[in-house]
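Step one of this worksheet: look at the structure below.
The values are calculated or read from the model by the stated rules, or taken from the named source; none is laboratory data. Every value quoted in this text rests on a predicted model; they were computed, and no experiment measured them. Don't worry about glycine lacking a Cβ; one is built from the backbone with ideal geometry, like all the others, and counts go over all protein chains shown.
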Amino acid sequence: MQPYPFDINLHDHLLSERPGHIPMPTALVRDGYAGLCLAVSGTRSSSRVVLHSETVIVPLERTSAIFHDGSWTPAKFLTLPPMNITGRTTSSGGVSATVFSVLNRCSYPVWPGTLSSSGPTLGDGGFALPPGATIQLTAPQGWSGRFWARTGCTFDESGVGNCTTGDCGGLHCTGGGVPPVSLAEFTIDGSGGQDFYDVSLVDGYNVGVGVRPSGGTGKCQYAGCVTDLNASCPPELRVTDPRQGGSVVACKSACAAFKAPEFCCTGDHASPQTCSPSQYSEMFKNACPTAYSYAYDDASSTCTCTGSDYLITFCPTAADI
């Protein structure tokens, strides 16, 4: 059976009184709506929790019974064993997670790559996303990782192939994208329960990307790069594709182009005091003020929010900010 969401108000629920635990599998009943949820993970939106399950039977009709093992059972008489599940807990004791909506506003297809540094791999590590399409991915408490767009990809039916930019060696990434690549980076439920996120051009630029939080509290700033840096990339940083008539498909970082310590913030320049912005990182910063432009650009580029979902947009416009 396909996964089916069951939406339940946090103030009218059967969730456990013990934070971080919910007696699952269990019956959920609200306003006469009933659902049986098995192998549940939770997602949060504002004051609501949406429980997603690999095996879930939800008769979305007003009833005082649920369908279980081929028959209807009065919900109040159904007893099932408890199961611990993980997820962010809300002040009401509910379980939640973070939903990433990935939107392609580009006029061409992209193949988003994902790489997790903590937690499960999202989206099988990579997938195709046609123009105008959106996909939602759910990350549990404590997840951290990155998203990026790949372009000019060709894969066979088994996922073997490569991309012109952002390549990771196959459709389903097990490592990061080859620079230059624009990154959206996240740490969910980090220090103080806050989410930390940024858009980074430290590894260069290939596709514009923006991050907009929704439903959270705190600063919750927009982060991203609306400007097409490929159009203004200096000749010494350009990556061109002869298959596209020599058009610029990416813009290298100064570190990748020149491999010098003063650009890479390495060696004698491995501290904020000894690694200053370069003319190239300042060009990136002027074009994309809310994005990381070099390794020590933390003050103006790291964003925080608490309890938010996130819209990641490739090729964002000014209207997305």
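The condition (being modelled with pLDDT under 95 and either surrounded by fewer than 19 Cβ atoms within 10 Å (Cβ to Cβ) or not assigned by TED's automatic domain parsing to the domain that holds V178 (or both)) is satisfied by just one residue among Q141, Q136: Q141. Of all residues in the range 171-194, those satisfying the criterion of being part of a loop (DSSP other than H, G, I, E, B) and among the β-branched types (V, I, T) are T174, V178, V181, I188.
Cβ separations smaller than 7 Å between residues 6+ apart or across chains give the following pairs from the range 190-209 residues that are assigned by TED's automatic domain parsing to the domain that holds E282 to residues that are surrounded by fewer than 24 Cβ atoms within 10 Å (Cβ to Cβ) and of a type in the set (K, R): G204/K252. For the range 302-321, filtered to residues that are small (G, A, S) and more than 16 Å from E185 (Cβ to Cβ), the residue that is surrounded by the most Cβ atoms within 10 Å (Cβ to Cβ) is G307.
Looking at R238, is it under 17 Å from N104 (Cα atoms) and basic (K, R)? Against the criterion (under 17 Å from N104 (Cα atoms) and basic (K, R)), R238 does not qualify.
Going by the conditions given, is P120 in a loop (DSSP other than H, G, I, E, B) and either surrounded by 15 or more Cβ atoms within 10 Å (Cβ to Cβ) or under 17 Å from the mean Cα position of the chain (by Cα) (or both)? For P120, the condition - in a loop (DSSP other than H, G, I, E, B) and either surrounded by 15 or more Cβ atoms within 10 Å (Cβ to Cβ) or under 17 Å from the mean Cα position of the chain (by Cα) (or both) - is met. Entry remark, the range 238-285: residues being β-branched (V, I, T) and free of Cβ contacts under 8 Å to residues at least 24 places away in the same chain number 4 in total. Counting the residues of the range 255-286 that are touching a helix residue (DSSP H, G or I) at 6+ places or on another chain (Cβ under 6 Å) and of a type in the set (A, V, I, L, M, F, W, C) gives 5.
Test S281 against the criterion of being among the small types (G, A, S), assigned by TED's automatic domain parsing to the domain that holds G190, crowded, with 21+ Cβ neighbours inside 10 Å and assigned to a helix (DSSP H, G or I), and give yes or no.
yes
Condition check for C305 on (1) out of contact with any helix residue (DSSP H, G or I) (no Cβ under 9 Å at 6 or more places or on another chain); (2) in a loop (DSSP other than H, G, I, E, B): one failure, at (2).
Check V202, V207, V211 and return the single one that is in contact with a Gly (Cβ under 7 Å, 6 or more places away or on another chain), buried (at least 23 other Cβ atoms within 10 Å of the Cβ) and closer than 22 Å to P289 by Cβ.
Details: V202 fails: in contact with a Gly (Cβ under 7 Å, 6 or more places away or on another chain); V207 fails: in contact with a Gly (Cβ under 7 Å, 6 or more places away or on another chain).
So the residue among V202, V207, V211 that is in contact with a Gly (Cβ under 7 Å, 6 or more places away or on another chain), buried (at least 23 other Cβ atoms within 10 Å of the Cβ) and closer than 22 Å to P289 by Cβ is V211.
When we screen A299, A250, A295 for residues that are modelled with pLDDT of 95 or more and either of a type in the set (A, V, I, L, M, F, W, C) or crowded, with 22+ Cβ neighbours inside 10 Å (or both), the only hit is A250.
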